[in-house]
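A.B. asks: Below you'll find the structure I mean.
Readers should treat all values here as calculations from the given coordinates under stated rules, not as data from a laboratory. Quantities reported herein were computed from a predicted structural model and do not represent experimental measurements. Counting neighbours? That spans all protein chains shown, and the Cβs are built from the backbone with ideal geometry, glycine included.
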Amino acid sequence: MNRRNAIRTLLAALAAVPCVLPNPARGQPRILRVVYVTGNSEESVTRPLAAFLEELRALGYIEGRNLSFDIAYGEFSRERTRMLSAEMIAKKPDIIVASHGAVHTFSDLTKTIPIIAIYSGDMVEARLVKSLARPGGNITGVQLLGFDLVGKRIEVLKELVPSIKRLAVLAMSAHPGVTQEREVSAAAAKQLGISIAFYPLANPQELDAGLVAAQAQGVNGIVLFPDPITLSGAPRIAAFALQHKLPVVSGWYNYADAGGLVSYGPNMREAWRRAASHFDRVAKGADPATTPVELPTIIELILNLRTAKALGIKIPQSVLARADRVIE
């Protein structure tokens, strides 16, 4: 079953459950009109989106009975994401669900329709909310970026490859939060006796040049900040790293699935389930302006043993025992 059919099957399953939210004014079921747009690809959100829909089902939101749910994918194109967001706004939704780049496009399009965001960067720095505790506008949800995790990724990589002395950090230069991510990374690396070379990427076209420059500088490992550029290029980065025997650590499962050595970061399915809980609160009348944005609380470690074998890395038992998932 392909990914699109998997989502359709799940939506059909939601419709099969006999639960209806009443509309007291009319005595009839009220159909909650919901739209979802991501700036990323369908493949990158299939699993967490399925978790979001499963949680909606558990909360009583049933496609075709009390919920309509339209989905669109920007496929890493800003122009396509803007176009899709405008098309979805024209449907006059009751609630918007948005992830990654689509959060910005919807924020530009409406200041009144509630937006449940799943966002990869710093929502305060991006001026999407005034603070995580009191967002102050029409946006709330889950911020995936936790600065406390940034240094821990380098610690995990050092534990896997003790010989690492110099790391390349590849990241989208305009991604909100990247400056603090960089500072935390540098501090963590210094404590471990590792130097860092930072390669900012203004657009996806700079990715290949950044990789070549990093390899030419003699780095022996790569750190990827989770952002649209590195996520869209994850398979290319993994192939390059394998060719040049460079271990890669990142923050989301997508990178390890694409062939990176290890990822350490939020459990995306659980983070999206929390976003569904935000949805439920807003649907029942909570004001996004006073509904705090959450940070992930469930963290996962994923190891790609195929990549480890290809790189000649023997995974220490201490790390293997902590892994939440291994790719064999």
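A.B. asks: Only one of the listed values, (i) 28; (ii) 39; (iii) 54, was derived from the coordinates as percent of Cα pairs over 33 Å apart; which label is it?
C.D. replies: Derived directly from the coordinates: (i).
A.B. asks: Quick query: amide H of Gly141 versus all other amide H atoms, modeled in the peptide plane; which residues come in under 5 Å with a sequence gap of 5 or more or a different chain?
C.D. replies: When sequence neighbours closer than 5 places are left aside, the close amide H contacts are Ala117, Val293, Glu294.
A.B. asks: Taking amide hydrogens as modeled 1.01 Å from N in the peptide plane, which residues meet the under 5 Å criterion relative to Ser99, leaving out close sequence neighbours?
C.D. replies: Residues meeting the criterion, in which the H sits 1.01 Å from N, are Val37, Thr38, Gly39, Ile118.
A.B. asks: Express in nm, to one decimal, how much length is gained between Asp324 and Lys245 on full extension, taking 0.36 nm for each residue of separation and deducting their alpha carbon distance.
C.D. replies: Gain on extension, Asp324 to Lys245, equals 26.0 nm.
A.B. asks: Based on the Cβ-Cβ distance from Arg78 to Arg166, what FRET efficiency comes out when R0 is 45 Å, to the nearest 0.05?
C.D. replies: Taking R0 as 45 Å, the efficiency between Arg78 and Arg166 is 0.85.
A.B. asks: Also, I was wondering about something else. For the range 169-175, what does the Karplus curve 6.51 cos²θ - 1.76 cosθ + 1.60, with θ = phi - 60°, yield as ³J(HN,Hα) per residue in whole Hz, taken in order and with x for Gly and Pro?
C.D. replies: 10, 10, 7, 5, 5, 9, 6
A.B. asks: Let me ask another. Skipping prolines and chain starts, which residues have an amide H placed within reach, meaning under 5 Å, of the one on Ala197, given they are 5 or more residues away or on another chain?
C.D. replies: Leu167, Ala168, Val169
A.B. asks: Along the charge dipole of the chain, Cβ charges K/R +1 and D/E -1, which of Pro247, Ala117, Gly101 sits furthest on the positive end?
C.D. replies: The listed residue farthest towards the positive side: Ala117.
A.B. asks: Might you report the magnitude of the Cβ-based charge dipole of the chain about its Cα centre, with Lys and Arg at +1 and Asp and Glu at -1, to the nearest 20 debye?
C.D. replies: In debye, rounded to 20, the chain gives about 300.
A.B. asks: Quick one: Cα centre-to-centre distance for the range 265-328 and the range 46-71, in angstrom?
C.D. replies: 20 Å
A.B. asks: Here is the link list: Lys130/Lys165; Lys111/Lys152; Lys130/Lys152. Which ones come out longer than 30 Å on Cα distance?
C.D. replies: Result: Lys130/Lys165; Lys111/Lys152 exceed 30 Å.
A.B. asks: Loop only per DSSP, at most 15 neighbouring Cβ atoms within 10 Å: give me the GluC sites (Glu not before Pro) in the range 122-192, ordered by residue number.
C.D. replies: Glu125
A.B. asks: Pairing the Cα long axis of helix 78-89 with the longest principal axis of the chain, what angle in degrees results, from 0 to 90 and rounded to the nearest 10?
C.D. replies: 20 degrees
A.B. asks: Using θ = phi - 60° and the Karplus form 6.51 cos²θ - 1.76 cosθ + 1.60, what ³J(HN,Hα) does each residue of the range 262-273 get, whole Hz, x for Gly and Pro?
C.D. replies: Here the 3J(HN,Hα) series is 8, 10, 9, x, x, 6, 5, 4, 5, 4, 6, 5 Hz.
A.B. asks: Next up: What aspartates and glutamates sit close enough to Lys92 to cross-link, taking a C-alpha to C-alpha distance under 17 Å and skipping anything fewer than 8 places away on the same chain?
C.D. replies: Asp70, Asp108
A.B. asks: I'd like the Karplus ³J(HN,Hα) series for the range 288-303: coefficients 6.51, -1.76, 1.60, θ = phi - 60°, whole numbers in Hz, and an x wherever there's a Gly or Pro.
C.D. replies: Couplings: x, 4, 10, 9, x, 6, 9, 9, x, 10, 10, 10, 10, 10, 10, 10 Hz.
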